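The values are calculated or read from the model by the stated rules, or taken from the named source; none is laboratory data. Not measured: the values here are computed from a predicted model. Every residue, glycine among them, receives a Cβ derived from its backbone with ideal geometry; neighbour counts consider all protein chains shown.
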Amino acid sequence: MLARIWKSVSLIGVKDEYDDILVKRITLTNQFSVIAIIVFFLSGINNYVLGDVFSALLIEGLVGVCLVGFYLNKLHFHRFAISFLFTTISVAVFYFDSYSGLLSGTYLYHFPLILAIAFVFDMREDKKAMIFHFLLIIVFLSINIITHYDLFKSDFIDDEKRYQMFMFNLVFSASAVGFFVYLMAQNNLKENYLLIKRIEERRLSESAIKDALAEKNILISELHHRVKNNLAIISGLFSLKLNDNLHEDAKNVLLESRNRVRSMALIHNRLYNSENLTDVNFGEYAQELIEEINASYSAVSNSVKIDTSINNVSLNVNAAIPCGLILNELLTNSYKHAFKEKADGKINISFINEGNNYSMLVKDNGVGLPLDYNKKQSLGVTVIEALSEQLDGSFNFSNEEGTRFELKFSYS
């Protein structure tokens, strides 16, 4: 029962939404108020027994003043409640130290007070308040020393009574220090327990997150694998149709469609076989794409040389697929149209990035673009235009001893 009462009194004024630091401050303030009330109450009884009725009544009055601290905490004036309590106790110790004299040992109550100030206040947030209360104690002690304890000196108390008061004050001030240290130790043990509990909860939470992430990665990897397989099936269907006796234009359409599908399948295959399930090394991907196109246009691939300059360019899947399809269209167009009148074709591919800005340049030394290519756009040019818009980028075709294409876009 006493434990429940102690807990209830300690938590007066505490709200559920308060953080741990504020709860600790309010709890310690309430507990220190209880200690101060007990000490004042017993000191008043002691002084009454010694025959000093005036000081006994005055000390008992301080019990009521300390109760105001609880009321202030209940009203949630927590900072004021703390300062009010410590100021009241400092003034009381100052007065009764002068009243009963140095030999009474009343100054000994400064020790639990200093301890309480150090423990209750947070040095990071309450530095000024701490300094104020420490200086208040020093000033009061200095005043009594300078005045030789004559400011409020009582003629009623003789040296024998001062000795009796000293023994009482020594025992109770030491008990107050010991009890307050015990409270702090209990508080720290509770905090350590809560900290360990939170660390364990965080560890379990992190473990659950890691497990969920691993499961998610497996699902994403499986998704890339299935997409790659489905695209491979579509590509295979196109290849089957290519073996039929079809018109040349129809074969070209099927071949281009198959290459578009394969360019996407290559990206999903790279993601499936990579530990990174979101980003693609575009340089390595471009080499695979070139090999695929060389195989598709084996009749001209031996006479075409491709130079690439793609250094450490990594794209996520949302940018890699459009860029891969654009590169596929450009290489396909070059293989089909650029080198009809040349025996040694050359294609230069470069891809650079500066921060979040990317630039892809594809240039060949072929016959160049027809003057009216904008008026009779092919499907390939239409695809490039749509994919560039998808990237929120801009592109440009020009004739510079062949066809030159430049794509610029930004993404983060």
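Looking across the range 59-71 at every residue that is in contact with a helix residue (DSSP H, G or I) (Cβ under 8 Å, 6 or more places away or on another chain) and surrounded by fewer than 21 Cβ atoms within 10 Å (Cβ to Cβ), the one that is farthest from residue 156 (Cα to Cα) is identified as 70.
Note on the range 266-295: residues that are surrounded by fewer than 21 Cβ atoms within 10 Å (Cβ to Cβ), modelled with pLDDT under 80 and assigned to a helix (DSSP H, G or I) amount to 2.
Yes or no, residue by residue, for (1) in a helix (DSSP H, G or I); (2) surrounded by 13 or more Cβ atoms within 10 Å (Cβ to Cβ):
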{"position": "149", "(1), (2)": "no, yes"}
{"position": "154", "(1), (2)": "no, yes"}
{"position": "166", "(1), (2)": "yes, yes"}
{"position": "177", "(1), (2)": "yes, yes"}
{"position": "196", "(1), (2)": "yes, no"}
{"position": "202", "(1), (2)": "yes, no"}
{"position": "208", "(1), (2)": "yes, no"}
{"position": "211", "(1), (2)": "yes, no"}
{"position": "218", "(1), (2)": "yes, no"}
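Within the range 42-52, does at least one residue satisfy the condition of being under 20 Å from residue 194 (Cβ atoms), among the β-branched types (Val, Ile, Thr) and part of a helix (DSSP H, G or I)? No, the conditions are met nowhere in the range 42-52. Which of the numbered conditions does residue 43 fail, given that it passes all the others? Conditions: (1) hydroxyl-bearing (Ser, Thr, Tyr); (2) more than 54 Å from the chain's Cα centre (by Cα); (3) closer than 17 Å to residue 175 by Cβ. Condition not satisfied by residue 43: (2). For the range 291-310, the set of residues classified as among the polar types (S, T, N, Q) and in contact with a helix residue (DSSP H, G or I) (Cβ under 7 Å, 6 or more places away or on another chain) consists of 294, 296, 301, 308, listed by residue number. Assessment of the range 122-129 against the conditions (exposed (fewer than 15 other Cβ atoms within 10 Å of the Cβ), within 23 Å of residue 12 (Cα to Cα) and in the same structural domain as residue 169 (by TED's automatic domain parsing)) yields at least one matching residue. Of all the listed residues (380, 366), the sole one being in a loop (DSSP other than H, G, I, E, B) and within 26 Å of residue 261 (Cβ to Cβ) is 366.
Can you say whether residue 140 is more than 20 Å from residue 30 (Cβ to Cβ), within 49 Å of the chain's Cα centre (by Cα) and crowded, with 17+ Cβ neighbours inside 10 Å, as far as the supplied structure shows? So residue 140 passes the test.
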